[in-house]
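Quick notes on the structure that follows.
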Amino acid sequence: MPSFDFDGQRLAYTEFGGGPAALTANGARGRTARSAPGAGRPVILLHGLLLSQEMDRPLAEDLAARGNRAITMDLLGHGQSDRPRDMWRYSMAKSAEQVVALMDHLQIPEAVVMGTSLGANVALEIAAHNPQRLRGMVIEMPVLDNGLLWSALTFTPLLVALTFGEPAMKLLSSVTRAIPRRLLPHYGNVMLDLVRQEPGPGGALLQGLFFGRIAPPREERRTFTVPALVLGHPRDPVHPFSDAGMLAKEMPNARLLQANSLTELRMQPERLTGEIAAFLDEVWAPPARSAKRKRAARKA
């Protein structure tokens, strides 16, 4: 897996490209997973907390099949990237710097950044500090004002387990690593990877995030003018739909897209993938075509 250096730490990433895929016999568009850069239109996909870039691989393949240069990465402390135990290395702002460093490494002047949960908040930090590097944002499940209490209730026990229960978590990690990956579906392995990894760095990661700011404040978010597609899910207390709706109203060039469920984009991705692909077409279109599509979207 390719990687680059950031502050002495190795960060892993994967590119999906090669141009549009042909239609299959039943009329569906095939996938392309070739690790070759596309002609342009970079979109960087950022995973959720304690997950890895593997969670984004099917979506990256689908977006690459539509002519985008899809790039996934493991933020520091996740997946195949280095996982130091230094709490001070972890914050939303530092994660945003890692994404910009990836763009510099690949010589990408601007990209669309799509983030889920942790990744969504990292994308917002990029908008706060490096808006000139963003062509657009796709924000899925942001953690904002209304989700902070449930986030604390959800992740505090995990922090305690990873930190003070490290010996027991190490035992659980060794047991789950013995389960062959071929026995599980893709997203089964994605979720099991939560406990397959060494627990100590995960505890340091959570502590670092808890001691920093979780998201830019409302006053700052209202200044973000980059085009944005905000995905919200019903019945998700950690990422309440009210937060997604609030964010879409705060940012002047954002619109809200409601998913039918928390798992729709992963289990039944056709509708939402089509919406995301159309948004990418819009933000990369020449100005005249982009304005026409925005008017059509407002009428719809």
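Brief remarks on what is shown
- Helices (runs of 4 or more DSSP H) within the range 85-165 that include 1 or more residues acidic (D, E): 92-105, 118-129
- Restricting M169, M191 to those that are in a helix (DSSP H, G or I), out of contact with any Ser or Thr (no Cβ under 6 Å at 6 or more places or on another chain), farther than 28 Å from P234 by Cα and not basic (K, R) reduces the list to M169.
- Residue in the range 169-193 that is farthest from R89 (Cα to Cα), counting only those that are in contact (Cβ under 8 Å) with a residue 60 or more places away in the chain and open to solvent by less than 40 Å² (accessible area, probe 1.4 Å): N189
- Residue satisfying all of: in the range 1-37; at pLDDT 90 or above and aliphatic (A, V, I, L, M); surrounded by the most Cβ atoms within 10 Å (Cβ to Cβ) among these: L11
- Scan the range 128-142 for residues that are over 16 Å from F279 (Cα atoms) and surrounded by fewer than 24 Cβ atoms within 10 Å (Cβ to Cβ) and the total you get is 6.
- Any hit, the range 38-46, residues being among the β-branched types (V, I, T), surrounded by 23 or more Cβ atoms within 10 Å (Cβ to Cβ), at pLDDT 95 or above and over 28 Å from L159 (Cβ atoms): yes
- Matching residues, the range 242-265, being in contact with a His (Cβ under 9 Å, 6 or more places away or on another chain), closer than 26 Å to T156 by Cβ and at pLDDT 95 or above: A244
- Just so you know, in the range 56-68 the residues that are in contact with a Phe, Trp or Tyr (Cβ under 8 Å, 6 or more places away or on another chain) and crowded, with 24+ Cβ neighbours inside 10 Å include one that is farthest from W284 (Cα to Cα), and it is A60.
- One residue stands out in the range 194-226 among those that are in a loop (DSSP other than H, G, I, E, B) and among the basic types (K, R): the one that is most open to solvent (accessible area, probe 1.4 Å), namely R222.
- Taking the range 59-84 as the range and being over 21 Å from R196 (Cα atoms) and not in a strand (DSSP E or B) as the test, the residues that pass are L59, A60, E61, D62, L63, A64, A65, R66, G67, N68.
- Meets criteria (part of a helix (DSSP H, G or I) and touching a Pro at 6+ places or on another chain (Cβ under 7 Å)) for A244: yes
- For L229: the one exception among (1) among the hydrophobic types (A, V, I, L, M, F, W, C); (2) open to solvent by 10 Å² or more (accessible area, probe 1.4 Å); (3) outside any helix (DSSP H, G or I); (4) over 22 Å from S151 (Cβ atoms): (2)
- Residue selection: R271 satisfies the criterion of being basic (K, R) and within 23 Å of P42 (Cα to Cα).
- The number of residues in the range 143-168 that are surrounded by 21 or more Cβ atoms within 10 Å (Cβ to Cβ) and more than 30 Å from R222 (Cα to Cα) comes to 1.
The values are calculated or read from the model by the stated rules, or taken from the named source; none is laboratory data. Note that the structure is predicted; figures quoted are calculated from it, not measured. All Cβ positions, even for glycine, are placed from backbone atoms using ideal geometry, and neighbour counts span all protein chains on display. Surface areas here come from the heavy atoms of the whole protein model, side chains and all, with no ligands, DNA or RNA. Shrake-Rupley method; radii C 1.70, N 1.55, O 1.52, S 1.80 Å.
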